[in-house]
Amino acid sequence: MVLVMAELPQDIIRAKRDGEALTKAQIEQFVAGVVSGAFRDYQSSALLMAIVLNGMSAEETAWLTDAMMRSGRVVDLPEIERPKVDKHSTGGVGDKVSLILAPLAAACGLCVPMMSGRGLGHTGGTLDKLEAIPGFSVELDDAAYRAQLRSIHQAMIGQSADMVPADRKLYALRDVTSTVESVPLICASILSKKLAEGIDALVLDVKCGKGAFMKTEADARQLAESLVRISSTMGKPTTAILTRMDDPLGRMVGNSLEVREAIDCLKGQGPADLMEVTYTLTAEMLCLGGLYSDHSEARNCLEAAIADGSALRAFEQLVDAQGGDPKVVKDPSLLKVATQTHEFCATLLETAYVESIDALRIGEAARMLGAGRAHADAVIDLTVGIELLKKSGDRVEPSEPLCRLYYSQPDELAAALERVESAYAFSAEAVDLPDLVMGRVVASG
Ligand code: URA
């Protein structure tokens, strides 16, 4: 037996500080130490900063991902016969794609074991949106989760406390030590959680633009390439789709409002931008899961599942299975939205076109109204938000309404309106909208 002596945390920190590559054993010791407390918070923070400054190779990132994934329970779902494919988005404004995509993919033959997170800052979170459905529970025990995946081929839950504890600890430290912005740390954080779900394959929606984590195409592509490389190296076929997040996706921003819009989409009445992103990601899932070899055939299946109502029925089954009121599907007015509304109108001298609507500012305005969290344990108001009455490219008369704010706290309205006003840009000429899908990154070799 080879006995590997543990190193002192300061020696591991020093190695990375001096630009050395860490060994697998050093990385495993770090992750184990984060969970056990053997690495003190100040030592973990120092190592995180050294990683931010000096980076990690693909090999180190894969070791970090693997050690973090194995820091808690790793789900295995051998009893599920269908291909198990999930989607992860790096986060945006108005991004309710998961609510449409999971039932749609299940209606087309996949199993979708989806573990999601809550919203933070200007971006929304799938768990919060689901909780806007009366009675819906995002907590299922292991037996109920598996039974649901067997019966209706989809589940949407939060990650249980015993999964990936290293990320929970490290993310909290990164948040308060300015060490979030690092491609290897982001990769390990995202993938350790996704790969602990027991999936066969993964589709990543890497958002790029004003409302996204990654502001430039070069940064988004770098993150996408790294995510795909690491995940594929770890044995999970993975594709990343780069999608534009300059404007909010769809017309609704805010939890109840977004569920209403997702139901409209499943009824075939979704806005074009939201459906485009949803179809692209879900078709990618069907292909990666081996059900189709051709994207256009996969897309035909998705469009048929919307047209014949099977995707909507799958959503109804999901809501019912997780304790929600399935009547919301027929009657979305059961999803409570704030009764106080304010229409924000254009103040133009002449007819114009909306050139852009800054997603970050709309997301911030929605957060000010109470739809999002300024810090992780803040309480949110599921009923408030913003409905975009005009989208980029739309023609606007001089004092036409641009958007409607749904609010509960009149005190918050003025600041939110100011932010909304700063989000709109106009053009005297008709506007050509850029493609929403900016690229596709697949594993090389
Ligand atoms: N999302 C995550 O889960 N982790 C990160 O580090 C960044 C975004």
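Inverting the mean 1/r over all pairs of different Cα atoms, compute the Kirkwood radius of the range 96-237 and quote it in Å. Walk me through the numbers before you get to the answer.
Numbers: mean 1/r = 0.0607 Å⁻¹.
After inverting the mean inverse Cα-Cα distance, the result is 16.5 Å.
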Most mobile of Val180, Val34, Val379 in a GNM of the chain (Cα contacts under 10 Å): Val379
Expected output is a single nm value to one decimal: the length gained when fully extending between Gln269 and Glu303, i.e. 0.36 nm times separation in residues minus the C-alpha distance. What is it? 11.0 nm
How would the range 289-445 be classified by its alpha-carbon gyration tensor: rounded, prolate or oblate, with rounded meaning a/c under 1.5 and the a/b versus b/c comparison settling the rest? oblate
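Residue separation times 0.36 nm, minus the C-alpha to C-alpha distance between Asp11 and Ile80: what's the value? Intermediate values should be presented prior to the final figure.
Working: separation 69, 0.36 × 69 = 24.84 nm, distance 4.47 nm.
In short, 20.4 nm is gained.
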First check a/c for the range 16-60, with a ≥ b ≥ c the square roots of the eigenvalues of its C-alpha gyration tensor; if it is under 1.5, answer rounded, and if not, answer prolate when a/b is larger than b/c or oblate otherwise. oblate
Helix-derived [θ] at 222 nm for the chain: sum -39500 (n - 2.57) over DSSP H runs of at least 4, divide by residue count, nearest 500? -14000 deg cm²/dmol
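Can you figure out the FRET efficiency of Glu397 with Thr341, using R₀ = 22 Å and their beta-carbon distance, to the nearest 0.05?
Numbers: r = 20 Å, r/R0 = 0.92.
Given R0 = 22 Å and the Cβ-Cβ separation, E is 0.60.
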Separation of the range 50-101 and the range 206-256 by C-alpha centroid, Å? 13
Kindly identify the range 45-128 as rounded, prolate or oblate by the Cα gyration tensor criterion: order the square roots of the eigenvalues as a ≥ b ≥ c, call it rounded if a/c is under 1.5, otherwise compare a/b with b/c, prolate if a/b is larger, else oblate. oblate
What list of ³J(HN,Hα) couplings, whole Hz, do you get for the range 266-280 from phi and the Karplus terms 6.51, -1.76, 1.60, once you set θ to phi - 60° and write x for glycine and proline? 5, 8, x, 10, x, x, 4, 5, 5, 5, 4, 5, 5, 5, 4
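Considering only Cα-Cα distances, which of the following residue pairs are longer than 25 Å: Lys84/Lys336; Lys336/Lys390; Lys129/Lys390; Lys215/Lys267; Lys129/Lys193; Lys207/Lys336? Don't jump to the answer; show the numbers that get you there.
Details: Lys84/Lys336 33 Å; Lys336/Lys390 23 Å; Lys129/Lys390 23 Å; Lys215/Lys267 33 Å; Lys129/Lys193 20 Å; Lys207/Lys336 29 Å.
From Lys84/Lys336; Lys336/Lys390; Lys129/Lys390; Lys215/Lys267; Lys129/Lys193; Lys207/Lys336, over 25 Å: Lys84/Lys336; Lys215/Lys267; Lys207/Lys336.
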What is the angle, in °, between the Cα long axis of helix 97-107 and the longest principal axis of the Cα atoms in the chain? Nearest 10 is fine, range 0 to 90. 80
Extend 7 Å from the Cα of Arg168 along its Cα-to-C-beta direction; within the range 99-115, residues with backbone N under 19 Å of that point are 114-115
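Count charges around Gly198 for me, please; just the other residues with Cβ under 9 Å from its Cβ, Lys/Arg as +1, Asp/Glu as -1. If you can, show how the numbers build up before the last one.
Numbers: positive: Lys84; negative: Asp76, Glu197, Asp200.
Net charge in that neighbourhood comes out at -2.
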Cα centroids of the range 111-170 and the range 259-290: how far apart, whole angstrom? 20
With +1 on the Cβ of every Lys and Arg and -1 on the Cβ of every Asp and Glu, and nothing else charged, how large is the dipole of the chain about its Cα centre, in debye rounded to the nearest 20? 820
Rounded to the nearest whole number, the Stokes-Einstein translational diffusion coefficient of the range 334-427 at 10 °C and 1.306 mPa s (Kirkwood radius, C-alpha pairs) in µm²/s is 116
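Please give me the summed charge of the neighbours of Asn300: other residues whose Cβ is under 14 Å from its Cβ, Lys and Arg +1, Asp and Glu -1.
Working: positive: Arg299; negative: Asp294, Glu297, Glu303, Asp308.
Within the 14 Å Cβ shell, the charges total -3.
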In degrees, nearest ten, helix 183-195 long axis to first principal axis of the chain (Cα): 90
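Below 8 Å between Cα atoms, with a sequence gap of 6+, how large is the relative contact order for the chain in percent?
Across the chain, relative contact order equals 19 percent.
Just so you know, all these numbers are worked out from the coordinates, no wet-lab data involved. Everything quoted here is computed from the prediction, not taken from an experiment. Please note: Cβ atoms are built from the backbone with ideal geometry, for glycine as well, and neighbour counts cover all protein chains shown.
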